[in-house]
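Student: Could you have a look at this structure, given as structure tokens, before my questions?
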4 protein chains.
Amino acid sequence: MEDDVIHKGTPSQAGVHRTYEESLLRRRGEILERVRQGYEHWKQTGVYGVPQWLYGPPKGKLFQVACEDVPGFGDTSYLEFDAGRTALVSIDWQVDFCGEHGYVDVMGYSLDNTANPLKYAARALRDARLAGLLVLHCREGHVPDLSDCPYNKILRSKIIGKNAVGIGETPAGGLGPLLVRGSLSWGIVKEVEPVSGELIVDKAGKGAALVSDFFLTLQNAGITHLILCGITTDVCVHTIMRQANDLGYWCMLLKDATGATDMGNHEAAIKMVKMQGGVFGWVSDSVRLHAGLSAAGLIE
Amino acid sequence: MEDDVIHKGTPSQAGVHRTYEESLLRRRGEILERVRQGYEHWKQTGVYGVPQWLYGPPKGKLFQVACEDVPGFGDTSYLEFDAGRTALVSIDWQVDFCGEHGYVDVMGYSLDNTANPLKYAARALRDARLAGLLVLHCREGHVPDLSDCPYNKILRSKIIGKNAVGIGETPAGGLGPLLVRGSLSWGIVKEVEPVSGELIVDKAGKGAALVSDFFLTLQNAGITHLILCGITTDVCVHTIMRQANDLGYWCMLLKDATGATDMGNHEAAIKMVKMQGGVFGWVSDSVRLHAGLSAAGLIE
Amino acid sequence: MEDDVIHKGTPSQAGVHRTYEESLLRRRGEILERVRQGYEHWKQTGVYGVPQWLYGPPKGKLFQVACEDVPGFGDTSYLEFDAGRTALVSIDWQVDFCGEHGYVDVMGYSLDNTANPLKYAARALRDARLAGLLVLHCREGHVPDLSDCPYNKILRSKIIGKNAVGIGETPAGGLGPLLVRGSLSWGIVKEVEPVSGELIVDKAGKGAALVSDFFLTLQNAGITHLILCGITTDVCVHTIMRQANDLGYWCMLLKDATGATDMGNHEAAIKMVKMQGGVFGWVSDSVRLHAGLSAAGLIE
Amino acid sequence: MEDDVIHKGTPSQAGVHRTYEESLLRRRGEILERVRQGYEHWKQTGVYGVPQWLYGPPKGKLFQVACEDVPGFGDTSYLEFDAGRTALVSIDWQVDFCGEHGYVDVMGYSLDNTANPLKYAARALRDARLAGLLVLHCREGHVPDLSDCPYNKILRSKIIGKNAVGIGETPAGGLGPLLVRGSLSWGIVKEVEPVSGELIVDKAGKGAALVSDFFLTLQNAGITHLILCGITTDVCVHTIMRQANDLGYWCMLLKDATGATDMGNHEAAIKMVKMQGGVFGWVSDSVRLHAGLSAAGLIE
């Protein structure tokens, strides 16, 4: 009957508030109680535990990795992972960043700083594969017509590049145009190349947000925790870590499996993560990752 | 020793490929095998089941809701939810869209179409609350200086608005500036206003992606499945549903708890969801939601 | 000297407010004054003009296209474009959506609805090329390992697909796996294929936001106005149009150069755009686009 | 006639390619020619010019600011701005980051490093206001129920916080809950508080992408160039700069108008920007900004 029909909605002062006082007290209280429990757990065990109230029961085996300088410098704590929800993210190990005649080489930086961590990254990859973690590789690069590359990025690369060779151009002795998808110079180097069944995400930028399908891919795979390695520490690795951290991913950086064009910047990038109790996440290395996976029986 | 130092990475043809032949066969094979299992499950039970291989063991009780015209018109199937990972999303029930002197009223549309579904939305809200589902309200609106509102959106609203009153202006008899955060006209109406502990997300657009923190909020809450109601069906509800669907959220629209300024558009918006076996998700209603929650013992 | 050192910042009640009363009055006032001017211009000329106060002086020739049912049904207005800031966006004209043994064909829909608009799209493309507009093609599809495709999308496609063939699988007589990048079935059809110098953006979803580099590409090209054609009207075309509209792009849909699997949905999708004075933008067709480009001397 | 009807699209090998050989040669050639011209201009003038072929004729006066260590360390170049397309972005000058009993103070860091740059930021703000640049303030903070704050962020803040006080809690002597919108502790400090007509964007994270409407707001205002100041250099300022840079914004950091909790990190953050010819943009200071605005007659 007609009486049942609602002809218009009723204004409400309450509906205008951002949140309601009660709501504020109740929901904030609930989350802060969860945090208090996580804090107590950490106090008793030194472990930043996987929050099962949030993600549900584990999908895989749990394992813990020792992290340095957390919560404060000089301290050690442990970050807990669910093997079924963890991805090893291997970032931008491309000729362009660690090989001859690539983008970094053309700018005149020594390749030692970016190439040498390859051996630690290779160990982390081997362990992650044995443990059955998801492995995801990233590549920075642009489509061949450069339409996904900002003009000022190309310009700056040309101005700094040896002989004025920048993105989209091939240097003398080079393996193809710099930072262009499909170019051999843009490919991932042999030492850490993807193997069967591993994911690859292409990024049109240093970071991943708004310039790639990286976060879509993580979401499709049900991932909550990331273990990061790659190059360069202060540029692509850091930018991705910052973005993932803002979205709530638990990010652990393997400091020996990363490198930068400048050692001071590498060291500073590591330290920056550790500020404020881990402002972008946690710092560990390939040795402690190995130990953590071993202790959990995920690898021998 | 020096021999241990890697001085540069080694180019690899393999590292250039988008994916490797093996990888393609292996990983695609794995996902297609999961899909085959989900398909067999559906064939035997008529249920689109929660994929535990992806999300892990359930966090809450599972429940199933009958959905219409899926996979084809005339068919009925069931969508399964995990109560611990499901949110009821109640969209834009603001004076501006269903109340007097609001944005929609000023444009001359009858409010019956957008206001009447309030009673079904109120039922869905009541049931969701009893069942302990997360409830999240959205509001479309702009900051008071309109800096998050595109110029052409304001212009079009002024041109169509009665007496040339558009977004940011207060109509005769109005409750405040249209679509402006903090205005009583922008508030959620009494019939479905948020209660203690419920979330509110403000959107500077019809959709949520790139104009709100909606997806961040869902991710923080560990949500995988959405039950959608609100107004208007073809504009805000549909835009949010499309975006959530692209990101892999399982979206079920409650057709009786939605409405549009035009009944034909409302009906078409419902039908659009059902094309292609559910191109944007599933369609059900508040009665079937009630039945599904009851059958699972989540409400009496 | 020491007196110059600021040791700490000073709390301020003002710094807490979302916006300040004055700010609200001033900045909102400024934008509403711009809107008032745009409104007066429209009243006098019937033209939604390019806002030079916002974008600066024109980069190219200005042209105007007649749009139907705007601001109200039965009305005609004109949308103004800057040829130097306009892109024709040609969406998802792939075998999978309008060719034999593609994704849409396998689901049993007639191809006439999606294929026939090709001739109007071809005309729009020809005119856009002659006029020197940027042309950008989109393709929906997933990487070969399907890691950027949500599980539920694949599952639904398999359940509705003839012989249970879904995304990532090759149907009998098919040209390759459905909706997979690199497959012939995923390619753009001959009638409207890209020519030299045109852009292509690949999308891992119906829409573009968060599943592609579409908006990055537009920004790199300095685009403010979009002319949209493609398939299907109610799915990919509409989703992209909604997202672009939320971000402030001026979007005009060529209704004869779009099509859907269902004619009713096609018609409704067109009508939805026209509600609320053009809630997602403007509607025109290839004939009026031609006339507008001719009148401006951009084509003969 | 029937012959006119297209019943299906025609597969094309060409439509499958990512880009076409010709396209690659033509479009990439076009952009590289633009880059070559920009490079020649820089070689002759030392100026990274505003690309009018991309943005169109200037909206406002052009001005140039001297930048240090660009393209290489020891070099000086000039970055050109269009006053009509430039925003001064003033980041996170909140009590929580530079005032007593705020988030940073509670973690035990000295406030000198983050508070002292306020005087230089105040100068930059004054100059930007006089010159008529858009001024946009950012604030990091979370809605009162913390639903937009990742659990691990709150947990880490509690573990590092003095007396285990973290985000959402009020420390002894504090001005309100830490990092919560509406709290006095979260407000912008008096020294650089917004004035009438200035924009404010709230961010639910260190960065802006996917956690705020920052980029929407820039796009609505027609901005292409950013001048950045604020705190902390290595966290929020850097994260926003990285994201804006990936999207093609021209970003210049005012090094004296930024600060960090650790001086070494501050210095490293500055240096990181300068690598690779300006990998995230340009570095200058408030004095050189003043000089550049003066030279252009934008201020006296």
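The values are calculated or read from the model by the stated rules, or taken from the named source; none is laboratory data. Here the structure is a predicted model, which is why all the values come from computation and not from measurement. Because the Cβ atoms are built from the backbone with ideal geometry, glycine has one as well, and the counts that use them run over all protein chains shown. What goes into the accessible areas is simple: the full protein's heavy atoms, side chains included, and nothing from ligands, DNA or RNA. Shrake-Rupley method; radii C 1.70, N 1.55, O 1.52, S 1.80 Å.
Student: Checking B:V70 against (1) in contact (Cβ under 8 Å) with a residue 60 or more places away in the chain; (2) closer than 29 Å to A:W53 by Cα; (3) of a type outside the set (S, T, N, Q); (4) surrounded by 20 or more Cβ atoms within 10 Å (Cβ to Cβ): exactly one of these is not met. Which one?
Tutor: It is condition (2) that B:V70 fails.
Student: Also, I was wondering about something else. Please work out if D:P177 is open to solvent by less than 20 Å² (accessible area, probe 1.4 Å) and assigned to a loop (DSSP other than H, G, I, E, B).
Tutor: It is false that D:P177 is open to solvent by less than 20 Å² (accessible area, probe 1.4 Å) and assigned to a loop (DSSP other than H, G, I, E, B).
Student: Exactly one condition in (1) farther than 17 Å from D:S157 by Cα; (2) open to solvent by less than 10 Å² (accessible area, probe 1.4 Å); (3) in a strand (DSSP E or B) is not met by A:K255; state its number.
Tutor: So the condition that A:K255 fails would be (2).
Student: Go through region A:29-73 and count every residue that is part of a strand (DSSP E or B) and within 14 Å of chain B (Cβ to nearest Cβ). Break it down stepwise before answering.
Tutor: Restricting attention to region A:29-73, the residues satisfying the condition of being part of a strand (DSSP E or B) are A:47-48, A:62-68.
Narrowing further to those that are within 14 Å of chain B (Cβ to nearest Cβ): A:62.
Residues that pass the stated criteria total 1.
Student: OK, next. Take the residues of region B:142-174 that are under 27 Å from the mean Cα position of the chain (by Cα) and at positive phi: which is surrounded by the most Cβ atoms within 10 Å (Cβ to Cβ)?
Tutor: Keep residues of region B:142-174 that are under 27 Å from the mean Cα position of the chain (by Cα), which gives B:142-144, B:146-154, B:156-157, B:166-168.
Pick out the ones that are also at positive phi and you get B:146, B:168.
Working: B:L146: 26, B:G168: 23.
Ranking the candidates gives B:L146 first.
Student: If you take the residues in region C:105-141 that are open to solvent by 10 Å² or more (accessible area, probe 1.4 Å) and among the acidic types (D, E), which one is nearest to C:G264 (Cα to Cα)?
Tutor: That would be C:D112.
Student: May I ask you to say which residue of A:I200, A:I167 is under 29 Å from B:E30 (Cα atoms) and among the hydrophobic types (A, V, I, L, M, F, W, C)? Quick ask: steps written out before the conclusion?
Tutor: Working: A:I167 fails: under 29 Å from B:E30 (Cα atoms).
None of the others qualify; the one that does is A:I200.
Student: From the list C:M263, C:M272, which one is within 13 Å of another protein chain (Cβ to nearest Cβ) and either surrounded by fewer than 18 Cβ atoms within 10 Å (Cβ to Cβ) or at pLDDT below 95 (or both)?
Tutor: The unique qualifying residue is C:M263.
Student: Sticking with this one: I'd like to verify a number: residues in region A:216-242 that are of a type outside the set (V, I, T), within 13 Å of the chain's Cα centre (by Cα) and open to solvent by 10 Å² or more (accessible area, probe 1.4 Å), how many? Can you show your working first?
Tutor: If we filter region A:216-242 for residues that are of a type outside the set (V, I, T), which is where we start, we get A:216, A:218-222, A:225-226, A:228-230, A:234, A:236, A:238, A:241-242.
Retained after the next criterion (residues that are within 13 Å of the chain's Cα centre (by Cα)): A:218, A:225-226, A:228-230, A:234, A:236, A:238, A:241-242.
From what's left, open to solvent by 10 Å² or more (accessible area, probe 1.4 Å): none.
Looking only at that region, the number is 0.
Student: Looking at the structure I just gave you, is B:E193 touching a Gly at 6+ places or on another chain (Cβ under 6 Å) and open to solvent by 10 Å² or more (accessible area, probe 1.4 Å)? So that I can check it myself, show each step before the final result.
Tutor: On the way: touching a Gly at 6+ places or on another chain (Cβ under 6 Å): yes; open to solvent by 10 Å² or more (accessible area, probe 1.4 Å): yes.
The answer is yes for B:E193.
Student: Of the residues that make up region C:53-66, is at least one of a type in the set (G, A, S), crowded, with 21+ Cβ neighbours inside 10 Å, under 26 Å from C:K190 (Cα atoms) and in contact with a helix residue (DSSP H, G or I) (Cβ under 8 Å, 6 or more places away or on another chain)?
Tutor: No, because not a single residue in region C:53-66 is of a type in the set (G, A, S), crowded, with 21+ Cβ neighbours inside 10 Å, under 26 Å from C:K190 (Cα atoms) and in contact with a helix residue (DSSP H, G or I) (Cβ under 8 Å, 6 or more places away or on another chain).
Student: Within region A:198-250, how many residues are touching a residue at least 60 places away in the same chain (Cβ under 8 Å), of a type in the set (D, E) and outside any strand (DSSP E or B)?
Tutor: Of the residues in region A:198-250, 1 are touching a residue at least 60 places away in the same chain (Cβ under 8 Å), of a type in the set (D, E) and outside any strand (DSSP E or B).
Student: A further question follows. How many residues, within region C:85-112, are farther than 18 Å from B:G277 by Cα and touching a residue at least 40 places away in the same chain (Cβ under 8 Å)?
Tutor: Adding up the residues that qualify gives 13.
Student: Which of the residues spanning region D:180-190 are open to solvent by 10 Å² or more (accessible area, probe 1.4 Å) and under 25 Å from D:Q219 (Cβ atoms)?
Tutor: D:R181
Student: Follow-up question, since we're still on this one. Name the residues in region D:180-197 that are under 23 Å from the mean Cα position of the chain (by Cα), at the interface with chain C (Cβ under 7 Å from one of its Cβ atoms) and not in a helix (DSSP H, G or I), would you?
Tutor: Selection gives D:G187, D:I188, D:V189, D:E193, D:P194, D:S196, D:G197.
Student: Based on what the data block shows, is D:G292 in a helix (DSSP H, G or I) and either in contact (Cβ under 8 Å) with a residue 40 or more places away in the chain or at the interface with chain A (Cβ under 8 Å from one of its Cβ atoms) (or both)?
Tutor: Yes.
Student: Considering only region C:144-167, state which residues are facing another protein chain (nearest Cβ under 7 Å), more than 16 Å from C:D105 (Cβ to Cβ) and among the basic types (K, R).
Tutor: Within region C:144-167, C:R156 is the sole residue that qualifies.
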